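Here the structure is laid out as C-alpha cells; the discussion comes afterwards.
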Amino acid sequence: LASIYLQLSDLLTENGYLTIVVKNIKKKGRNYPFAWDLSAALMEKYHLLPETFWCQDDINLAPYGYGNTFVSNTFHQYCLHFQKK
C-alpha cells in the first residue's frame with residue numbers, strides 16, 4: 001500500500017496534498033499501529049501534517065470479548081494529511 005502512495009506523489013503538483021483515511025488494526029488479540037506505520041513509510045516523499053479523526057457515530061458499542069478479555073470497539077478512523085515534499 002505504501003508503494004502505491006509513494007508512486008502517487010509523481011502525479012501530484014508541487015506541494016500538493018494527499019489525505020488517506022485509515023485505522024489501526026486489531027487482529028487475533030493484537031493491536032497493530034497500521035496508520036502510524038503507513039505514515040512513517042510515506043515520510044520519504046511527504047510531510048505529515050496534523051491528522052484529524054473521523055468518528056463513526058453509527059456504530060453501536062458492544063462488550064466484544066465479554067467473559068474472556070476486553071476488546072474495545074473501533075469507532076474512529078484517522079484522516080492522515082500529507083503534503084508532497
If we keep only residues of the stretch 13-34 that are within 15 Å of the chain's Cα centre (by Cα) and not in a strand (DSSP E or B), then the residue surrounded by the fewest Cβ atoms within 10 Å (Cβ to Cβ) is PRO33
All-but-one check, ASN15 against (1) at pLDDT below 75; (2) on the phi > 0 side of the Ramachandran plot, failing number (1)
Note: among ASP37, ASP10, just one is within 17 Å of GLN77 (Cβ to Cβ), outside any strand (DSSP E or B) and of a type outside the set (Ser, Thr, Tyr), namely ASP37
Restricting the stretch 36-73 to residues that are at pLDDT below 65 and surrounded by 12 or more Cβ atoms within 10 Å (Cβ to Cβ), the one nearest to ASP10 (Cα to Cα) turns out to be ASN73
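The values are calculated or read from the model by the stated rules, or taken from the named source; none is laboratory data. From a predicted model like this one, the values you see are computed outputs, not experimental measurements. So basically every Cβ, Gly included, is an ideal-geometry build from the backbone, and we count neighbours across all protein chains shown.
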